[in-house]
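K.L.:
Here you go, one structure.
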Amino acid sequence: MKTHRQGVFAVADVLPRRLLGHNTGNPLEMTRFSAWSVFRNGLSGQSGWTRQWRDPEPKKQYDIVIVGGGLHGLATAYYLAKNHGLKNIAILEKGWLGGGNAGRNTTIVRSNYFMPGNRQFYEHSLELWENLSHELNYNVMFSQRSHIALLHSPGAIDGAARRYNTMRLTGTPDAEIWDLEKLKQNVPHLNYGPDSRFPILGAAVQKRAGTARHDAVAWGYARAADALGVDIIQNCEVTSTSRSGNSITSLTTSRGEISAKKVGFAVAGNTSRLWQMAGFNTLPIESHKLQAFVSEPLKPLLDQVVVFGVGGAHFYISQSDKGGMVFGGDLDWYKSYAQRGNLPIVQDVAECAVSILPCLGRVRLLRHWSGVMDMSMDGSPFICKTPLDNLYLNAGWNYGGFKASPASGWYFADLIANDRPHETIANFNLDRFAQGVSLDERGAGPDPKLHG
Amino acid sequence: MIRINCPFCGERDHSEFTYGGDGSIVYPELDAPAEEWVEAIFQRENIRGVQTETWHHVSGCRQWLVIERDTMTHEIHSIKAAHEGVAKVLEAGT
């Protein structure tokens, strides 16, 4: 018997049909989701849903090609079409949508950044998140459940107060410092005991922060971009580029030669490889892997996102709508392109988990996985022009790529359409190290693995 | 788990070590132009494949090692002491 599902998961239902190669050159007429359409399809055995985006053959020529069909590439293509009215856009994805870091994160959205540039950028991203389900007519399940950063010393409280006061003064009114009593009222089951490994003194809280459903973000942007005419081409790996003078003229891909007037790279951990295909050598980026974990599903246990970082420990956790505890910690500590994690970090993260939430001690791990992070030299990203006239770069997202997706696409589209950086991202360039204006939020120095 | 055959201690789990970084970087002279320093400090080739890197056996002999390791498969191709004099003594002794 056919499984009945809610409308927001309809994409999964049509995935196999996409393999049938039912292609048309025209964008699909997008079925709008509504309470009525969910109800009606509930009565008709969920038989009324149509495919959500096309599976077009690549054309020989596009005005704009975005390499990388992750959240940033999909958002970029959507805003190019939506905000700038541009047509003839393609996204080239070497695997499948949502198969890279889009599907390997811990889905935390927040804007508690400190440095000028980062402040405005991440706050803008949070504002885009707040309206994203409506904007895309797709339930991205954005849940503003609060982000609670635990504080473990008087100095940490002072430091957090400085940061969160800066947030309040620069357009983020939901930043609060909680004392221990308020924290205990809201999250009673943390380890407040006198013998706790990391004694808790208070917390820095952003109430508009929260989580979202990562797959829905990818599918929502893909569906909305497709409806605006963007060709989303999966299983299409770029293998080399052709240059003429100071421009890229075409990309050689696993699905043929594709020429483009403008090219944007948004490929996270594989940025350096693509950069070298474009004829360059080095970047201020190293690829490191980061693991994430999900437990077996539990009844409601944790209402907020809880994070802490003190000494050598680093941990963040939330509970998914399916009940799984979703959590992660540090990088694997050595450079790697392998999308698989190592066991010492599994042990580290498990130790962090039970140190702060002892009630998780008997909970079983369901899955864990690893993604390749584009760790930059100062922990901040790049949305910038390059030495080539028609090549644009979007990279260096470190741990922060998921929350940044909407604004990353918004500003990258603005950069590509107008051929100049918006003032908000003026420092998100490759020259900032030579100029001595690195955006080092943690003050960790030029060692990429320390910017987690 | 990566197993690292320390030339001083024998084969150990990588959790005894800390990863240093790209071992191919040569720092310029102190009075070299700023561009050369920017290149050495901030710019990386970020190889997918065999790269030269440094590791510190911090929970063992505390010696620094230079290792050739594949960043895709994690296979280790060579290991030697980072200190050239020590590396030569070790080679001569075997």
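The values are calculated or read from the model by the stated rules, or taken from the named source; none is laboratory data. As the structure is a prediction and not an experimental result, all values here were calculated from the model. All Cβ positions, even for glycine, are placed from backbone atoms using ideal geometry, and neighbour counts span all protein chains on display. Heads up: the accessible areas ignore ligands, DNA and RNA and are worked out on the full protein's heavy atoms, side chains in. Shrake-Rupley method; radii C 1.70, N 1.55, O 1.52, S 1.80 Å.
K.L.:
What does the structure give for B:33-46 when I average, per residue, the other chain Cβ atoms found within 10 Å of the residue Cβ?
P.N.:
Per-residue shielding by partner chains comes out at 6.
K.L.:
Pop the C-beta distance of B:Glu35 and A:Asp158 into the FRET formula with R0 = 51 Å and round what comes out to the nearest 0.05.
P.N.:
0.80
K.L.:
Among the DSSP beta bridges whose two residues both lie in chain A, what percent are antiparallel, rounded to the nearest 5?
P.N.:
75 percent
K.L.:
Take the alpha carbon atoms of segment A:61-89, find their center, do the same for segment A:31-46, and report the distance between the two centers in whole angstrom.
P.N.:
Segment A:61-89 and segment A:31-46 have Cα centres separated by 30 Å.
K.L.:
Considering the options A:Ala353, A:Leu228, A:His84, tell which one lies farthest towards the positive end of the dipole of the protein assembly as shown, charges being +1 on Lys and Arg and -1 on Asp and Glu at the Cβ, about the Cα centre.
P.N.:
Going by the charge dipole, the pick is A:Leu228.
K.L.:
Further, regarding this structure: Any lysines with Cα under 24 Å of the A:Lys261 Cα? List them, leaving off those in the same chain fewer than 8 positions away.
P.N.:
A:Lys59, A:Lys60, A:Lys82, A:Lys87, A:Lys94, A:Lys385
K.L.:
Mind ordering A:54-64, A:289-299 by average Cβ neighbours within 10 Å, highest first?
P.N.:
For the peptides A:54-64, A:289-299, the packing ranking is A:289-299, A:54-64.
K.L.:
HN-Hα J couplings of segment A:75-82 from phi, Karplus 6.51/-1.76/1.60, θ = phi - 60°, integer Hz, Gly and Pro as x?
P.N.:
Per-residue couplings from phi come out as 5, 4, 4, 4, 6, 4, 6, 6 Hz.
K.L.:
What residues of segment A:253-277 lie in the reach of a label at A:Gln339, counting those whose backbone N is under 14 Å from a point 7 Å from the Cα along Cα→Cβ?
P.N.:
A:267-271, by backbone N distance to the label point.
K.L.:
Can you give me the P(r) profile for the protein assembly as shown? Cα pairs, bins 20 angstrom wide beginning at 0, each as a whole percent.
P.N.:
Per 20 Å bin, starting at 0, the Cα pair percentages come out as 20, 53, 25, 2, 0.
K.L.:
Suppose every K and R has +1 on its Cβ and every D and E has -1 on its Cβ; what is the size of the dipole of chain A about the Cα centre, in Debye to the nearest 20?
P.N.:
1020 debye
K.L.:
If you find the alpha carbon centre of segment B:13-83 and of segment A:150-167, how far apart are they in angstrom?
P.N.:
35 Å
K.L.:
Given the C-alpha centroids of segment A:374-452 and segment A:284-308, what is the distance between them in whole angstrom?
P.N.:
24 Å
K.L.:
Check A:Thr31: other-chain or 5+ apart residues with amide H under 5 Å from its amide H, H built from backbone geometry?
P.N.:
It is none; the list stays empty.
K.L.:
Can I ask one more? Need the full-extension length gain, A:Lys261 to A:Leu180, defined as separation in residues times 0.36 nm minus the C-alpha distance. One decimal, nm.
P.N.:
23.5 nm
K.L.:
For segment A:64-129, with only Lys/Arg (+1) and Asp/Glu (-1) charged at the beta-carbon, what is the dipole magnitude about the Cα centre, in debye rounded to 20?
P.N.:
In debye, rounded to 20, segment A:64-129 gives about 80.
K.L.:
Work out from phi, with θ = phi - 60° and the Karplus expression 6.51 cos²θ - 1.76 cosθ + 1.60, the ³J(HN,Hα) of each residue of segment A:128-136, listed in order in whole Hz, and give x for Gly and Pro.
P.N.:
Here the 3J(HN,Hα) series is 5, 4, 4, 10, 5, 4, 6, 4, 8 Hz.
K.L.:
When you look at the Cβ of every residue in A:372-380, what mean number of other chain Cβ atoms sits within 10 Å?
P.N.:
1
K.L.:
Using a basic spin-label model with each label point 7 Å from the Cα along Cα→Cβ, how many nm lie between A:Ala434 and A:Asp303?
P.N.:
5.3 nm
K.L.:
Per-residue HN-Hα couplings for segment A:88-97, Karplus 6.51 cos²θ - 1.76 cosθ + 1.60 at θ = phi - 60°, whole Hz, x for Gly and Pro?
P.N.:
Residue by residue, segment A:88-97 yields 6, 10, 10, 10, 9, 10, 6, x, 10, 4 Hz.
K.L.:
Modelling each spin label as a point 7 Å along the Cα-to-Cβ direction, I'd like the A:Ser244/A:Asp419 distance in nm, to one decimal.
P.N.:
1.6 nm
K.L.:
Hey, which lysines would be in cross-link range of A:Lys182, C-alpha to C-alpha under 26 Å, not counting anything within fewer than 8 residues on its own chain?
P.N.:
A:Lys207, A:Lys299
K.L.:
Under a straight-distance cross-link criterion of Cα-Cα below 22 Å, which lysines are reachable from A:Lys449, leaving out those fewer than 8 residues away in the same chain?
P.N.:
Answer for A:Lys449, where 22 Å is the Cα cut-off: A:Lys289, A:Lys335, A:Lys403, listed by chain and number.
K.L.:
Here's something else I'd like to know. With +1 on the Cβ of every Lys and Arg and -1 on the Cβ of every Asp and Glu, and nothing else charged, how large is the dipole of segment A:164-215 about its Cα centre, in debye rounded to the nearest 20?
P.N.:
Around 120 debye, computed over segment A:164-215.
K.L.:
Got a sec? Charge dipole of the protein assembly as shown, +1 on Cβ for Lys and Arg, -1 for Asp and Glu; which of A:Thr50, A:Leu283, A:Pro387 is way out at the positive end?
P.N.:
Of the options given, the answer is A:Thr50.
K.L.:
Which whole number gives the average, over all residues in B:15-22, of C-beta atoms from other chains lying within 10 Å of the residue C-beta?
P.N.:
Mean inter-chain Cβ contacts per residue within 10 Å come to 4.
K.L.:
Using a 1.4 angstrom probe with every protein chain in place, what is the largest-first accessible-area order of A:Cys359, A:Cys236?
P.N.:
In descending accessible area the options line up as A:Cys359, A:Cys236.
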